[in-house]
1. Select from region 294-320 the residues that are exposed (fewer than 12 other Cβ atoms within 10 Å of the Cβ), hydrophobic (A, V, I, L, M, F, W, C) and under 19 Å from ASP248 (Cβ atoms) and list them in ascending order.
2. What is the one condition in (1) more than 31 Å from the chain's Cα centre (by Cα); (2) within 21 Å of LEU63 (Cβ to Cβ) that ILE114 does not satisfy?
3. What's the total number of residues in region 321-344 that are within 27 Å of SER277 (Cβ to Cβ) and surrounded by fewer than 18 Cβ atoms within 10 Å (Cβ to Cβ)?
4. Somewhere in region 171-187, is a residue within 24 Å of ILE102 (Cβ to Cβ) and either buried (at least 21 other Cβ atoms within 10 Å of the Cβ) or touching a strand residue (DSSP E or B) at 6+ places or on another chain (Cβ under 6 Å) (or both)?
5. Which ones in region 95-151 are at pLDDT below 85 and among the acidic types (Asp, Glu)?
6. Please indicate, with yes or no, whether at least one residue in region 206-220 is closer than 27 Å to TYR85 by Cα and modelled with pLDDT of 80 or more.
7. Taking the condition in contact with an Asp or Glu (Cβ under 6 Å, 6 or more places away or on another chain) and in contact (Cβ under 8 Å) with a residue 12 or more places away in the chain, does ILE183 pass?
8. Counting just the residues of region 140-154 that are among the charged types (D, E, K, R) and either surrounded by 18 or more Cβ atoms within 10 Å (Cβ to Cβ) or free of Cβ contacts under 8 Å to residues at least 24 places away in the same chain (or both), which one comes out farthest from GLN119 (Cα to Cα)?
Amino acid sequence: MGRTALLFFVFLGILKTAHAQVIRDLKPFKTNAQKLDYLSKVCDSLSHAGKVEDERAVARFALKMIKPDDLKNLTRFNFFLAFTYGETGQGDSTIYYYEKSIVYGRKDKNPVEIKKALQRLLFSYVNEKKYSNKANNALKELLAISDTTKDELGKVETFVTISYYYGMNGQYEKQIQYLLKSIEIKKRLIASGQLKDREKVVADLMNLAEMYIETDQVELGLKYSLEARKYIVSYPNYLAHHYKDMADILLIKKNTSLARIYYDSLTAMLTEANQSSVHRNNRMASDLAFTDYYLKKSQVDSAFIYISRANKMAEKWADAYTKPQIDYMTAEVYLAKKDYAKALPLLQASEPVMKDSDPQIYVALLQSLARCYAATGQYKQSFEAYEKYAPLRDSLYMQASKKSIADAEARYQNKEKQQEIELKNIQIDDAKKQRIWLISGLLLLGFSLALLGVIYRNKRKNAQILDLKNKELANAISELEEANRTKAKLFSIISHDLRSPISQVYQFLKLQQLNPKLLNDSQRNELSEKIQTATGSLLETMEDLLLWSKTQMNQFKADIQSVDLYYITDQCLKLLQLNIEAKNIIISNKLQPGTIVKADPYYLQAIVRNLLQNAIKASEESGLIKLEIKNDETNPVFSIENAGHAFSQKDYLSLLAQKENEQGLSGLGLRLVDELSEKTGLKIEFENPVENHTKASLTFQ
């Protein structure tokens with residue numbers, strides 16, 4: 001009785017208490033889909049609250065709203081309707097609506113809803129014997145689902161359903177097999193953290209414990225009941241059922257004092273604030289267990305105490321399944337007291353339900369009924385009860401005999417098997433000797449192969465080392481070549497950047513030497529001061545270039561940092577001052593101190609210096625050179641614009657494509673500008689804003 005009750009609660013989803021909802025006005029919901037979603041939640045709530053008739057009314061109301069092509073809602077509301085008929089014991093209607101739900105689910109290609117309906121439909125088929133063929137087909141489909149599904153939680157639900165099916169058909173070995181599979185998966189998922197709710201495995205462990213209790217394997221029952229307790233966290237219904245199971249186990253072990261402690265714990269859970277049906281049913285079941293225990297010990301007064309407690313609760317709380325059991329056990333107490341007049345009506349009232357219960361209990365009830373009829377002088381009725389009792393008793397004896405014969409045959413077959421095993425052992429010993437020789441040969445062969453493998457591995461390792469050394473040598477050669485190219489570039493930069501300023505200084509000094517009388521004292525002093533300024537600037541530039549060249553001897557890489565562009569242009573203008581004054585060129589420098597850009601300072605100085613030299617060379621006498629910057633926050637653009645022979649972007653690209661270096665505007669300077677700007681991420685562009693004007697733009701990143 002306990003196992004059936006627990007499974008009943010588990011499969012009907014009574015895992016958490018909920019409050020029923022009342023259908024409110026549907027006008028706030030704009031679409032039909034929103035209304036149906038709301039009604040679905042109402043059905044779920046009513047189901048948890050046990051308000052079956054209200055749930056049926058809501059489901060029927062919803063089905064009238066559903067369009068023929070709305071397969072999803074047709075599936076779920078037919079399911080709700082089937083559930084309500086199942087709760088009220090209307091088997092044919094239950095099956096009809098579950099089958100409709102599955103039909104719509106198949107059309108909707110919804111495997112989750114199909115499986116859910118199949119699980120419940122299987123129980124309905126089993127309860128209605130005429131559907132045995134359909135039950136077998138449903139079982140096959142669920143077995144196929146369990147074999148193919150990758151969802152382990154879904155697999156567990158299917159295993160529990162299949163286990164319960166086998167239990168209802170008396171196939172306890174298969175029932176235990178699938179129940180253990182379910183428990184194993186759930187425990188693994190809980191241990192790995194994939195299943196957060198530890199209590200998901202409790203019902204399966206309790207069902208397994210009760211199966212062992214009912215088959216008198218009390219130690220296994222105790223083991224799994226205690227294991228179930230480890231996983232109970234907060235759900236009181238599970239705790240109540242655990243107390244009931246532990247009381248049953250301890251009664252079987254005849255430890256009544258400890259059994260009463262669990263009984264008292266179960267009783268304490270029933271308070272005015274907590275009148276859970278699960279708690280009440282477990283308490284009444286425990287009362288029956290204590291009554292049965294004391295009847296077997298012929299302690300009728302103690303038995304009467306517990307059956308009186310059960311009857312007191314049954315007056316208000318017993319359902320159609322529990323009340324006949326209490327009536328039957330009450331009748332047994334009255335029989336023990338030889339109060340046949342009180343026992344008889346109770347046995348008569350409980351017979352219809354007990355007939356469909358455990359066959360052994362029904363046989364005992366018929367025997368008690370025959371005794372009561374005889375003791376009250378109703379011999380005809382006593383004879384009729386005995387006529388029902390005798391064939392059922394013989395049938396039970398026959399089943400027990402068949403089991404005994406089967407056990408004896410199994411023992412005999414085991415004896416024959418033992419003899420065969422002994423003969424096989426002799427053959428195995430001979431085979432072992434042959435195997436030893438074979439293994440020895442294989443070991444020798446394996447050793448030879450291993451030795452060859454070691455030799456091959458060593459050769460391969462040496463080859464890899466040699467290949468690595470070759471790669472390192474190639475890298476060293478490549479680095480050396482790059483260093484040589486770097487040195488060549490450095491000397492090119494130094495020679496190119498210093499040639500023009502030194503040439504100008506040299507010309508002025510030569511002029512002063514050859515024609516000293518052409519200049520008066522004021523002009524000579526002014527020229528001398530300019531030469532001194534230019535020479536000082538040249539010296540600073542030489543020192544910077546030599547210092548930079550030392551840092552670049554091994555690698556030609558840029559060092560990007562924040563640079564004051566005004567300072568760079570000012571240094572370049574001072575260096576080229578003599579060149580500028582030689583052609584009376586006017587410099588319009590619109591840059592201000594603190595104009596910060598991101599660049600390598602030495603690379604940038606070389607670039608600006610070369611661009612200025614080219615602008616001076618291209619400018620005419622008394623020409624104008626403009627230095628400007630557009631302060632865009634993301635990409636500042638620095639430009640040098642001069643009048644004179646125009647130089648375009650096309651000319652620039654053509655020059656870079658030439659293989660041989662040339663002098664002047666198209667010589668080494670622009671090649672250095674291109675290479676240095678590329679290394680620092682700068683973009684050089686030449687354009688002609690007006691005729692005979694060249695504008696060189698330098699875009700910073």
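1. Scanning region 294-320 gives no hits.
2. Only one criterion in (1) more than 31 Å from the chain's Cα centre (by Cα); (2) within 21 Å of LEU63 (Cβ to Cβ) is unmet by ILE114, namely (1).
3. 1
4. yes
5. Matches in region 95-151: GLU128, ASP147, ASP151.
6. Residues of region 206-220 closer than 27 Å to TYR85 by Cα: 207.
Subset that is modelled with pLDDT of 80 or more: 207.
Yes, region 206-220 contains at least one residue that is closer than 27 Å to TYR85 by Cα and modelled with pLDDT of 80 or more.
7. Numbers: in contact with an Asp or Glu (Cβ under 6 Å, 6 or more places away or on another chain): yes; in contact (Cβ under 8 Å) with a residue 12 or more places away in the chain: yes.
Against the criterion (in contact with an Asp or Glu (Cβ under 6 Å, 6 or more places away or on another chain) and in contact (Cβ under 8 Å) with a residue 12 or more places away in the chain), ILE183 qualifies.
8. Of all residues in region 140-154, those among the charged types (D, E, K, R) come to 140-141, 147, 150-152.
Now drop any that are not either surrounded by 18 or more Cβ atoms within 10 Å (Cβ to Cβ) or free of Cβ contacts under 8 Å to residues at least 24 places away in the same chain (or both), which leaves 140-141, 147, 150-151.
On the way: LYS140: 12, GLU141: 10, ASP147: 15, LYS150: 18, ASP151: 16 Å.
Among those that are among the charged types (D, E, K, R) and either surrounded by 18 or more Cβ atoms within 10 Å (Cβ to Cβ) or free of Cβ contacts under 8 Å to residues at least 24 places away in the same chain (or both), it is LYS150.
The values are calculated or read from the model by the stated rules, or taken from the named source; none is laboratory data. Small disclaimer: the values here were computed from a predicted structure and weren't measured. Heads up, the Cβs are rebuilt from the backbone with ideal geometry, glycines too, and the neighbour counts pull from every protein chain shown.
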